[in-house]
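**Student:** Provided herewith is a single structure, encoded as structure tokens, for subsequent inquiry.
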Amino acid sequence: MKSRKIWIGRWIVGVALAHTLFGLVVGAKVLADVYARGIYNTVDANPMTGLVVWFLLFGAPLALLGMAVTTLERQDHFPGARSLGVGALLLTVTGVVLMPVSGFWLAFPPAIGLMRR
């Protein structure tokens, strides 16, 4: 059996961590305000509050996806890798077109890696 490098899921987890850390740093003032207001029910009509909270919340499912992909990468057979890669590629292209100055570019390597799997 040929040994495969396990990197796709780890890459995704790394992006999730960077995404979360970036959100914590850039959104520090907004998060301080959320904390000062008691956290509960503080995501209101202020678009910046919603933006920062959703930005941070996205990191968790992205990390979970990365952990699941890492587990699947360890298997000899990875059913669905190609379709997952195509979906990730379509999402990535959409993100890059809508927001070219963003971290969406970091999703190209795992998307392509999944398609080649």
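**Student:** Cβ-Cβ distance below 7 Å, separation of 6 or more or different chains: which pairs start in the range 86-107 with a residue that is not assigned by TED's automatic domain parsing to the domain that holds residue 62 and end on one that is at pLDDT below 95 and outside any helix (DSSP H, G or I)?
**Tutor:** 95/102
**Student:** Moving on. All but one of (1) assigned by TED's automatic domain parsing to the domain that holds residue 28; (2) more than 30 Å from residue 34 (Cβ to Cβ); (3) in contact with a Lys or Arg (Cβ under 8 Å, 6 or more places away or on another chain) hold for residue 66; which doesn't?
**Tutor:** (2)
**Student:** Next up: Return yes when residue 54 is at pLDDT below 95, in a helix (DSSP H, G or I) and out of contact with any Lys or Arg (no Cβ under 8 Å at 6 or more places or on another chain) and no when it is not.
**Tutor:** Yes.
**Student:** I need every pair where a residue in the range 61-77 that is in contact (Cβ under 8 Å) with a residue 12 or more places away in the chain and under 15 Å from residue 5 (Cα atoms) has its Cβ under 9 Å from the Cβ of a residue that is surrounded by fewer than 11 Cβ atoms within 10 Å (Cβ to Cβ) and of a type in the set (D, E, K, R), sequence separation at least 6 or different chains.
**Tutor:** Hits for this filter: 73/5.
The values are calculated or read from the model by the stated rules, or taken from the named source; none is laboratory data. Small disclaimer: the values here were computed from a predicted structure and weren't measured. Cβ coordinates were reconstructed from backbone atoms using ideal geometry, including for glycine residues, and neighbour counts include every protein chain displayed.
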